[in-house]
Structures are given as structure tokens and as C-alpha cells.
Amino acid sequence: MPKPSAIAIGAHPDDIEFAMAGTLLQLQAAGWEIHYFNLSCGNLGSVKLNAAQATRTRTREAKSAAKILGAKYHASICNDLEIMYDVPTLRKVAAVIRKSKASVVLTHSPVDYMEDHTNTCRLAVTAAFAHGMPNFKSTPGTKPFANKVTVYHAMPHSLRDPLRRRVMAGAFVNTTPVRAQQVEALAAHASQQDWLDVSQGMNSYIKSGEEVSRMLGKLSKKFKFAEGWRRHLHFGFSSEELDPLKDVLGKNYLVNQKYERSLEKEE
């Protein structure tokens, strides 16, 4: 019997390591197959390399990071700032999701500080929605699959939306047991130290990643390091409101009751 499968879909090389890799590793520890897919090759992410050199460097780093995670690597399909929500790109994303046969799709927040992240989220959600639709043709052609799929959205950059409002996690995953491996995978993106220092003032990107993980752990009031998630509405993805991360990860998964109460108030 094949292993259950999860895929992380990020915009750029290192996005998965910052916000999703800990959860991937926890699923892997539970016996799942994991997949790693950055839509963009990272061609603009350097102040020292030209676009072609940056593409080669960041692709090599992403492959190394996926290997450290023990994840199946899927090649990028876009350039930086060119991740567009259009049909040709959607068909390519659908092909990767179908190839992975993922029951869990991890991706960006529906709103984030830059459009590459937001468009990646939209593409991942629609491609996941179409995973079982034989009349939606993927590129390359890939057979649809019938598994139920659950989509989870990572926390936005700085835990805030584009208008600076704080975003609350719907649930927390304990990443403390896999933190060292996650940091090793993030460190594989060595070319990003100078770029993130110059472009976003992040100082050490390793330190910045640790600060966010530690902050989410503190917000959980239970874990030292954590990743935060919001679960996508189940309609069209599964026949019932499944929460496979909760079912699989057990004590390493914590529902944020404050978030759940906020949903109830809106009903």
C-alpha cells in the first residue's frame, strides 16, 4: 500500500524552509511521503549574481535543501515576480499535485506581503481543487486522483497581512523535535544571506527564521518552536471537514481555540 503523501508549495527557494518544512518533517516522521515544490527559480534573488547565475545557484541550493529534508524535489516553473494566476501556469501546478497524489497541500497565506506568495497560494488552491477532474488537462498530462485533499495555509511573512494587521494561527505544529534538520535545510540557501540583508533588512536569515518559529511557539503556549496554519474550507476538496494534521500528528498539533471561537462569532 502506498504511503500517504503531502506537498509543500512555496513561491521561492527557501519559502518552504521558513514556514512549512517543520510540518513536512513531522509528517515524514509519521510515515508520510513528502514533496517539495517552489514555483519560482529565484532568478532575481541576488545582488552579486546575474539572473542566469542566480537561477543555477538557487536551484542547486533548493535541491540540496530538499535532499536534507528527504523530500521529492519538483522543478520550478516560473521566474521571480512572474508567478501569475493564469491557466498555463495552473495546468503546470495541477500536474505536480497530481503526480504527488497529495492528501495534504501546504502553501502560503491567501494574503501576504508580496504577490508571488499570494498568487502561489491561489494556484495551489485551484490546482488542488482540480486534482480529481479528468476534464481539466494538466501540463504535462497527468492522471487525476480521487483522494480527499486538505489545504493548509502557512502564516504570512511577519505574521501580518499587507495592511500590517496581525494574523492569528488556526493551529500550531510542534517543530521543536525537527528544528535542527529544518535549520540545516534553510542554511542550504547560502546565497540568500546577502540578498535578504540588502533587500529586506533581515540580518541573519537563519536568526529571522528562528525568531518567527520561537514566536509561534510562544503563541501556542505549549511548544518551544512551532509553525502556524489555517485550514482551507473543505467544500470541493473533501466530503467532510477533515483535519489530517490533527489526526496524524496528535500531541504535536494544537488547535488554537481562540481562533475557533472567532469563527463561531462570525456565524
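Checking the stated criteria, residue 217 turns out not to satisfy the condition of being at positive phi, small (Gly, Ala, Ser) and either outside any helix (DSSP H, G or I) or at pLDDT 95 or above (or both).
Listed here are the residues, each with its yes/no results for (1) within 22 Å of residue 233 (Cα to Cα); (2) crowded, with 21+ Cβ neighbours inside 10 Å.
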site: 49; (1), (2): no, no
site: 59; (1), (2): no, no
site: 69; (1), (2): no, yes
site: 124; (1), (2): yes, yes
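Note on the stretch 147-177: residues that are of a type in the set (Val, Ile, Thr) and not in a loop (DSSP other than H, G, I, E, B) total 4. When 99, 137 are checked against the criterion of being surrounded by fewer than 21 Cβ atoms within 10 Å (Cβ to Cβ) and in a helix (DSSP H, G or I), 99 stands alone in meeting it. For the stretch 54-75, which residues satisfy the criterion of being within 15 Å of residue 9 (Cβ to Cβ) and assigned to a helix (DSSP H, G or I)? Within the stretch 54-75, 62, 65, 66, 69 qualify.
Yes or no: the stretch 63-75 includes at least one residue that is over 30 Å from residue 217 (Cβ atoms) and among the hydrophobic types (A, V, I, L, M, F, W, C). Yes, the stretch 63-75 has at least one match. Residues considered: 113, 73, 85. Of these, the only one that is free of Cβ contacts under 8 Å to residues at least 60 places away in the same chain and in contact with a Phe, Trp or Tyr (Cβ under 6 Å, 6 or more places away or on another chain) is 73. Taken together, the residues in the stretch 1-53 that are of a type in the set (A, V, I, L, M, F, W, C), assigned to a loop (DSSP other than H, G, I, E, B) and touching a residue at least 40 places away in the same chain (Cβ under 8 Å) amount to 7. The single condition among (1) closer than 27 Å to residue 94 by Cβ; (2) surrounded by fewer than 12 Cβ atoms within 10 Å (Cβ to Cβ) that residue 261 does not meet is (1). The residue of the stretch 145-162 that is farthest from residue 86 (Cα to Cα), among those that are surrounded by 18 or more Cβ atoms within 10 Å (Cβ to Cβ) and modelled with pLDDT of 95 or more, is 155. Scanning the stretch 186-194 finds one or more residues that are of a type in the set (Gly, Ala, Ser), at pLDDT below 95 and in contact with a Leu (Cβ under 8 Å, 6 or more places away or on another chain). For the stretch 71-81, residues that are surrounded by fewer than 19 Cβ atoms within 10 Å (Cβ to Cβ) and touching a Cys at 6+ places or on another chain (Cβ under 8 Å) total 1. Out of 42, 31, 22, 70, one residue alone is farther than 24 Å from residue 252 by Cβ and modelled with pLDDT of 95 or more. It is 42. Of all the listed residues (128, 75, 95), the sole one being of a type in the set (A, V, I, L, M), at pLDDT 95 or above and touching a strand residue (DSSP E or B) at 6+ places or on another chain (Cβ under 7 Å) is 128.
The values are calculated or read from the model by the stated rules, or taken from the named source; none is laboratory data. Note that this is a predicted model, so its numbers are computed, not measured. Note that we place each Cβ from the backbone using ideal geometry, even for glycine, and neighbour counts take in every protein chain shown.
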